[in-house]
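The values are calculated or read from the model by the stated rules, or taken from the named source; none is laboratory data. Since the model is a prediction, treat every value here as computed from it, not as a measurement. Cβ coordinates were reconstructed from backbone atoms using ideal geometry, including for glycine residues, and neighbour counts include every protein chain displayed.
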Amino acid sequence: MSRFNSEINWQSVIDEIAEEVQPLLSEGKVADYIPELGKVEGSQFGIAVHLINGDKFETGSANEKFSVQSISKVFSLTKAFSILKDDLWKRVGKEPSGNPFNSLVQLEHENGKPRNPFINAGAVVIADCVVTNTDNSLPEMINFIRELSGNKTIKMNDAVFQSEKQFGHRNAALAHFMKSYGNIDSDVDEVLDFYFGHCSLSMNCNDIARAFLFLANHGVHPINNRKYLTPSQAKRINSLLLTCGTYDAAGDFAFRVGMPGKSGVGGGIAAIIPGLLSMCVWSPGLDKYGNSLAGVKALELFTTKTGISIF
């Protein structure tokens, strides 16, 4: 894929995309069920593209901080997978859910084992795995994300954290429900604080694109040369990003975009092309599935204009 580096004018591509998605910026709906997120101006848009060779490109509001929300589930999964290895899959499945990301019905049907690590129930189990197996779990997770992104200033947005904690009744219900099945080991409140904490981090498109580079490079971060996962583990996380990373719209996302990706209700979507690049697009207005409306279109345009996807 190295030939693409010289053949594609990356800056021109993302500038064109930013222009073409402008009509969509007024159509999505910000995630106002978390009150703090509802205060964000919905018409913003940014993209950052980081190649594994060190080149990077950005346009729009790529340096505007936003709430990462479920994008951070990829980092907690990475940490849990590196600790527990394949024993992790005894606690959480690997299949698309086909249901809303906060569904209780499916969890009951499957006896407290979440369908995958990216729906809320699965991410709570992953949070429990990290909390149970590490000391000072949340500070350690934040430092891990700072290391991946190369930004030591990344921190929680306390107002978002408190808002999530105050209105996170469904997540608390999921956690207690799984506790009743023996699939949560640590104290539920401690697990939820860790979960809400890493979801409430503020990052920008460049932070996230850089943080995802290790998944585009077989588990080794090409900037700091640290190995975070084995090639096999990175492959497995990337496959889950493709099949489960955008909630119950994952099939449509794979069809339209053709990249492994992870969205968050803060409006960000991170995506990768293995062996080449990672990128992040942000626009707060969401579609009915909880994915950035303009963001999905932007990624579709990116693979169409560059001719690059994983297929």
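Things to note:
- Any hit, the stretch 183-196, residues being over 23 Å from PHE144 (Cβ atoms) and not hydrophobic (A, V, I, L, M, F, W, C): yes
- Listed conditions (1) more than 17 Å from the chain's Cα centre (by Cα); (2) modelled with pLDDT of 95 or more; (3) over 30 Å from LEU277 (Cβ atoms) are all met by SER232, apart from (3).
- Residue within the stretch 114-129 that is touching a Pro at 6+ places or on another chain (Cβ under 6 Å), surrounded by 16 or more Cβ atoms within 10 Å (Cβ to Cβ), touching a residue at least 12 places away in the same chain (Cβ under 8 Å) and not in a helix (DSSP H, G or I) present: no
- Options ASN143, ASN133, ASN206: the member that is touching a helix residue (DSSP H, G or I) at 6+ places or on another chain (Cβ under 9 Å) and either modelled with pLDDT under 95 or more than 24 Å from GLY261 (Cβ to Cβ) (or both): ASN133
- Tally, over the stretch 281-311, of residues that are within 16 Å of the chain's Cα centre (by Cα) and closer than 19 Å to SER12 by Cβ: 2
- Just one of the numbered conditions (1) modelled with pLDDT of 95 or more; (2) hydrophobic (A, V, I, L, M, F, W, C); (3) surrounded by fewer than 14 Cβ atoms within 10 Å (Cβ to Cβ) is not true of VAL105: (1).
- Filtered residues of the stretch 130-151 (kept if without any contact (Cβ under 8 Å) to a residue 60 or more places away in the chain and in contact with a strand residue (DSSP E or B) (Cβ under 8 Å, 6 or more places away or on another chain)): ILE142, ASN151
- Tallying residues that are in contact with a Pro (Cβ under 9 Å, 6 or more places away or on another chain) and surrounded by 21 or more Cβ atoms within 10 Å (Cβ to Cβ) within the stretch 220-236 yields 1.
- Selection over the stretch 173-205 of residues that are over 15 Å from ALA80 (Cβ atoms), polar (S, T, N, Q) and buried (at least 21 other Cβ atoms within 10 Å of the Cβ) gives a count of 2.
- Within the stretch 50-80, the residues that satisfy the criterion of being in a strand (DSSP E or B) and either more than 16 Å from the chain's Cα centre (by Cα) or closer than 16 Å to PHE214 by Cβ (or both) are HIS50, LEU51, LYS56, PHE57, GLU58, THR59, GLY60.
- Residues of the stretch 131-179 satisfying the condition of being part of a loop (DSSP other than H, G, I, E, B) and polar (S, T, N, Q): THR134, ASN136, ASN151, THR153, ASN157
- No other residue among ILE237, ILE223, ILE273, ILE208 is in contact with a strand residue (DSSP E or B) (Cβ under 8 Å, 6 or more places away or on another chain), of a type outside the set (Phe, Trp, Tyr) and touching a residue at least 60 places away in the same chain (Cβ under 8 Å) apart from ILE208.
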